[in-house]
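Have a look at the structure below, then the notes.
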Ligand SMILES: [Fe+2]
């Protein structure tokens, strides 16, 4: 039986020394990950968003990482992250920043689409269906959200594939599919709010996972690896290659830098974690956090 491999890498955060802020370590870590992924010889690569450090602010960063990905010796399929197009929608400020000013915009989504192509896609490869979407449009009320749901409805009624892998940037949920929305204004809940998808869009997406017989859902954004299983669907929260985050959220969470490799044999999909072989300690410059587009 033929065995084959696909790789999920996310939150690579590749930046530019021309920017007002730059973390060369993240670029160097991507170089390391890139050669390790090439060595794994996958049929293709899934890229889970946050491809750039400041893609929303610097179109050139998106263009540069696209050229880099285009030169890989296998195809890749990408969805945007919040540093590429803007944050998930809110009309309430969090305890530490003016979150509504960082909301995803029609323009941010359109910019990413103009460089990388469709914001949602689905393809079949050797009897497995792979579907990815720009989940950040969910609950935004933007014109792209209406388009997104029309596409999702279309997926719901297609003939099923033998196996189905979905890809989002935000985690569909933090601890449980039926958890209530977290309160952005509550300091102890801010990160839980920030990393997941809110209702009502979450339930609609989860319903689509069921209707399309999803087996695996991959996400990024958190930068901490954590596997959960609900209703026969395996949810893999993925690690970053750039920097670690939220390693203390779950006892079994692991924020070691690296990527996830999936080896397929027949109907079996076997996941393994590939840590980076080296971690850059180069120092950079500029502020952290989320500068507004006007800064
Ligand atoms: Fe990220």
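Quick notes on this structure:
- Largest GNM mean-square fluctuation among 90, 105, 277, using the chain with Cα springs under 10 Å: 277.
- Residues of segment 157-178 with amide N under 19 Å of the 7 Å Cα→Cβ point at residue 267: 159-166
- The fewest-to-most ranking of 10, 256, 241 by surrounding Cβ atoms within 10 Å reads 256, 241, 10.
- Its Cα gyration tensor gives segment 1-125 an equivalent ellipsoid. The semi-axes, each the square root of 5 times an eigenvalue, are 28, 18, 13 Å from largest down.
- Residues 157, 14 in ascending order of nearby Cβ atoms (within 10 Å, fewest first): 157, 14.
- Selected from 169, 13, 226 as most flexible by GNM, with the chain as the system and alpha-carbon contacts under 10 Å: 226
- Distance from the Cα centroid of segment 214-293 to that of segment 65-86 is 17 Å (rounded to whole angstrom).
- Fraction of beta bridges assigned by DSSP in the chain that are antiparallel (%, nearest 5): 55
- Note on the chain: with a GNM built from Cα contacts shorter than 10 Å, the maximum mean-square fluctuation among 34, 158, 21 falls on 158.
- Full-extension gain in nm, residue 158 to residue 20, via 0.36 nm per residue minus C-alpha separation: 45.1 nm
- Cα Rg over Rh - the chain, Kirkwood: 0.93
- Stretching residue 60 away from residue 186 to a fully extended chain increases their span by 41.8 nm, per 0.36 nm per residue minus the current alpha-carbon distance.
- Computed E for residue 232/residue 107 - FRET, C-beta separation, R0 30 angstrom, nearest 0.05: 0.15
- Taking 234, 61, 145 and counting other C-beta atoms within 10 Å, the order from fewest to most: 234, 145, 61
- Over segment 3-275, relative contact order from alpha-carbon pairs under 8 Å, at least 6 apart, %: 20
- Counted over segment 34-170, the DSSP beta bridges are approximately 40% antiparallel.
Each reported figure results from applying straightforward, stated rules to the coordinates on display, with no laboratory input. Please read these numbers as outputs of a predicted model, since none were measured by experiment. Backbone-built Cβ (ideal geometry, glycine too); neighbour counts: all protein chains shown.
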